[in-house]
Amino acid sequence: MNWLAIPALAAAAYWLLAAVAALRWRSGSGRGTPPAGEFQPVSILKPVHGRDPRFYEAIRSHAVQDYPEFEILFGVGNANDPAIEDIERLQREFPAVRIERYVVATDAPNAKTGVLAELARRARYPLLLVNDSDIRVEAGYLRTVTAPLADAAVGLVTCLYRARPDSPAARAEALGIATEFAPSVMVARLLGQAEFALGSTMAFRAADLRAAGGFEAIADYLADDYQLGRRIHTLGRRIEFAPLVVETGLGACSWGEVWRHQVRWSRTIRVSRSGGYIGYAVTHATVWSGLAFCAGAWQAGAATLGIRVAAGAISAAALGDRAALRDFWLIPLRDLFGFAVWLAGASGDTVRWRDRELRLGRDGRIAQRNDRP
């Protein structure tokens, strides 16, 4: 036996599991929602920092929701934030919806959680929903993501997402989200790892947030979505994924911006879940199939590469990401970029997040924050 083929075979096994997970996730994506009378009022909390690509389109998709009662609370860090113009436009277009905007001064290491803490204090309703400012949702979103909370055993509902790119670099990042990141989430769920949430959507009870210590308890962490999910799970509640996919706008970002963004994700995952980060090495099928080819194990290399590309395409189809499906043939090239990111993320403790440079501690806490002028 050619021992250099073993990593490739291990990667092939992982991607077979990913294909099964994606097919299983897709088969459950048509689950219905309970009657409208069972829905509780919701406060949507939107921390905002600058105007993301298609920002107005994203926030408008929340205002048009067919839901019995909800409010949208925006929080910005300063009164000159360019997003305020779009928020005020939304207020004018939807006067019947309670839409409020607050300027929040915070000294929390993670400024986003500082803003969220203030918005949570101002929220009127028993259910809270937090998602990133660039998330666009479909009709029926609020009904679908709040429905599982009718079960007292469910503590938080989150969503998978696909990306909408406007540049070659953003297109590569979108391909990675659909064919690398999303499959890893699906596999984790299939294997029973259920303590994490995604910033694309987090719907939960205000009472559970208070029991978990509020946003103040996670203000020192960069991965606030992961920390919130873990704390609510510790209360004995389940984390559920809603049977829908939301969309994030990547805009026309450059290769340098994509690199910094990906390395930030990578280092954050490493300091939050170091064991999982090391284990993630097995997922780099293109690298291991290349090693198998170099060692003369052609069959193992070809099988691994074929399974990896097929699993990526199945995942993209499960997300309804037609652009990623068209780009499936680029998966091996995107994998090489992803492997370089993984190597960069394996060391170092400094990341850039918007206009801030952060240094991370070993436990995922923000050890130092430098705001760039």
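Coordinate-derived values only; no laboratory data. Just so it is clear, the structure is predicted and the values come from calculations on it, not from any experiment. All Cβ positions, even for glycine, are placed from backbone atoms using ideal geometry, and neighbour counts span all protein chains on display.
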Magnitude of the Cβ-charge dipole (Lys and Arg +1, Asp and Glu -1) of the chain about the Cα centre, nearest 20 debye, reported as 520 debye
Cα axis of helix 224-234 to longest principal axis of the chain: angle in degrees, 0 to 90, nearest 10?
90 degrees
Can you give the calculated 222 nm mean residue ellipticity of the chain, where each DSSP H run of n ≥ 4 adds -39,500 (n - 2.57) and the sum is split over every residue, rounded to the nearest 500 deg cm²/dmol?
-14000 deg cm²/dmol
With a/c under 1.5 counting as rounded, go ahead and sort the range 82-138 into rounded, prolate or oblate using the C-alpha gyration tensor (a ≥ b ≥ c being the square roots of the eigenvalues; past the cut-off, prolate if a/b is larger than b/c, else oblate).
prolate
Is the C-alpha gyration tensor of the chain telling us rounded, prolate or oblate? Criteria: a/c under 1.5 is rounded; beyond that, a/b larger than b/c is prolate, otherwise oblate.
prolate
Mind pulling the angle between the C-alpha long axis of helix 6-27 and the longest principal axis of the chain? Nearest 10 degrees, somewhere in 0 to 90.
40 degrees
Once you order the gyration tensor axes a ≥ b ≥ c over the Cα atoms, which shape class does the range 52-154 get: rounded for a/c under 1.5, otherwise prolate or oblate by comparing a/b with b/c?
oblate
Considering only Thr113, Thr350, Thr268, give the residue with the highest GNM mean-square fluctuation for the chain, with springs between Cα atoms whenever their separation is below 10 Å.
Thr350
Contact order normalised by residue count of the chain, Cα under 8 Å, 6+ apart, percent
23 percent
Within the range 1-138, percent of DSSP bridges classed antiparallel, to nearest 5:
0 percent
Which value in nm describes the separation of the simple spin-label points at Glu357 and Glu38, placed 7 Å from the Cα toward the beta carbon?
5.2 nm
Give the percent of DSSP beta bridges with both residues in the chain that are antiparallel, rounded to the nearest 5.
45 percent
If the chain between Ser274 and Glu93 were fully stretched, how many nm would it gain, using 0.36 nm times the residue separation less the Cα-Cα distance?
60.5 nm
Quick check on packing: order 49-55, 237-243, 158-164 by the mean number of other C-beta atoms within 10 Å, highest mean leading.
158-164, 237-243, 49-55
Report the residue, chosen from Ala22, Ala346, Ala96, that carries the largest GNM mean-square fluctuation when the chain is represented by alpha-carbon nodes joined by springs under 10 Å.
Ala96
If you average the alpha carbon positions of the range 199-265 and of the range 291-315, how far apart do those two centres end up, in angstrom?
33 Å
Multiplying the sequence separation of Leu343 and Ala302 by 0.36 nm and subtracting their Cα-Cα distance, what value in nm do you get?
12.4 nm
Packing-wise, with mean Cβ within 10 Å as the measure, how do 256-262, 101-107 rank, highest first?
256-262, 101-107
Multiply the residue gap between Asp107 and Arg121 by 0.36 nm, knock off their C-alpha separation, and tell me the result in nm, one decimal place.
3.4 nm
Fewest-first ranking of Ser289, Ser347, Ser266, using other Cβ atoms within 10 Å as the exposure measure
Ser347, Ser266, Ser289
Among the chymotrypsin sites (Phe, Trp or Tyr not before Pro) in the range 276-373, which ones are in a DSSP loop with at most 11 other Cβ atoms within 10 Å of the Cβ? Mind listing them?
none
For Val287, Val157, Val282, what ranking results if the residue with the fewest other Cβ atoms within 10 Å of its Cβ goes first?
Val282, Val287, Val157
